[in-house]
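Notes follow once the structure below has been shown.
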């Protein structure tokens, strides 16, 4: 399974030449609007920084998908959607691997919802706070779910990202010494296999 970060919360996930885009966006400070081709696009909710489907071209000839896609409903805020509405967590399984994308999760998940997510090989989680859970909340969820690989998203990175959200540092500090070494990549993609080592993967925006 190949996972490519296109900024903010947008990822291209590929397996057996089948492509799924998660949370395509427009008008996020510092980031270029993605211009991608994929068989599917899955937004977590209706806001334009997660639901810009025009950024994804769908081929005329569709392929058989190796992915099993599950969705878990939750909230974009701690007030059961009263502030920002619903959010969808996407769970993708292919090639014996399980990837979980939390979208704009804004609440602490219940035990029931955590059980529904199940064990995962890679977790893509927001860490920037304000619109979503913050770094400390995300770290707490990581400790519960115990994914092999964690990819932080939806954080401010210098001039990239919304100015009101936090950088990734509080999240990293909250997990320091917990067994997830931080690996800084010089690329925006990660090839995930059954042998991929436990890590926090800081992918580089290109």
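Taken together, the values in this text are just the output of simple stated rules run on the coordinates, not laboratory data. A quick note: this is a predicted structure, and the numbers were derived from the prediction, not measured. Please note: Cβ atoms are built from the backbone with ideal geometry, for glycine as well, and neighbour counts cover all protein chains shown.
Placing a label point 7 Å from the Cα of residue 143 along the Cα-to-Cβ direction, the residues of the stretch 160-175 with a backbone N closer than 12 Å are 174-175. In this label model, residue 71 and residue 130 are separated by 2.8 nm, measuring between points 7 Å along each Cα→Cβ vector. Exposure proxy ranking for 11, 162, 67, based on other Cβ atoms within 10 angstrom of each Cβ and starting from the fewest, stands as 162, 67, 11. Taking every DSSP beta bridge that has both ends in the stretch 76-135, the antiparallel portion is near 65%. Listed from fewest to most Cβ neighbours within 10 Å, the set 33, 88 follows the order 33, 88. The residue 182 and residue 113 beta-carbon pair, evaluated with R₀ = 30 Å, returns a calculated FRET efficiency of approximately 0.65.
Take 140-150, 92-102 and order them by the average number of nearby Cβ atoms within 10 Å per residue, most first; the result is 92-102, 140-150.
Legend: ranking of residues 114, 133 from fewest to most surrounding C-beta atoms inside 10 Å; resulting order 114, 133.
Above 18 angstrom, tally the Cα pairs of the stretch 30-91 and express them as a % of all pairs, no decimals. When all Cα pairs of the stretch 30-91 are counted, 50 percent exceed 18 Å.
Taking only alpha carbon atoms, the chain gives an Rg to Rh ratio of 0.93, where Rh is the Kirkwood radius. Across the stretch 112-206, C-alpha contacts under 8 Å between residues 6 or more apart give a mean separation that, scaled by the residue count, equals a relative contact order of 27 percent.
Approximating the spin labels as points 7 Å out from Cα along Cα→Cβ, the residue 26-to-residue 54 distance works out to 0.3 nm. For residue 79 and residue 164, compute 0.36 nm times the residue count separating them, minus their Cα-Cα distance, and round to one decimal in nm. Result: 28.6 nm gained on full extension.
Here the peptides 192-200, 54-62 are ranked by packing, the mean other Cβ count within 10 Å, and the order with the highest first is 192-200, 54-62. Comparing 152, 170, 24 in a Gaussian network model of the chain (Cα springs below 10 Å), the most mobile by mean-square fluctuation is 170. Over the residues of the chain, the helix contribution to mean residue ellipticity at 222 nm works out to -3000 deg cm²/dmol, using -39500 (n - 2.57) for each DSSP H run of at least 4. For the residues 128, 85, 158, a GNM of the chain with alpha-carbon springs under 10 Å puts the largest fluctuation on 158.
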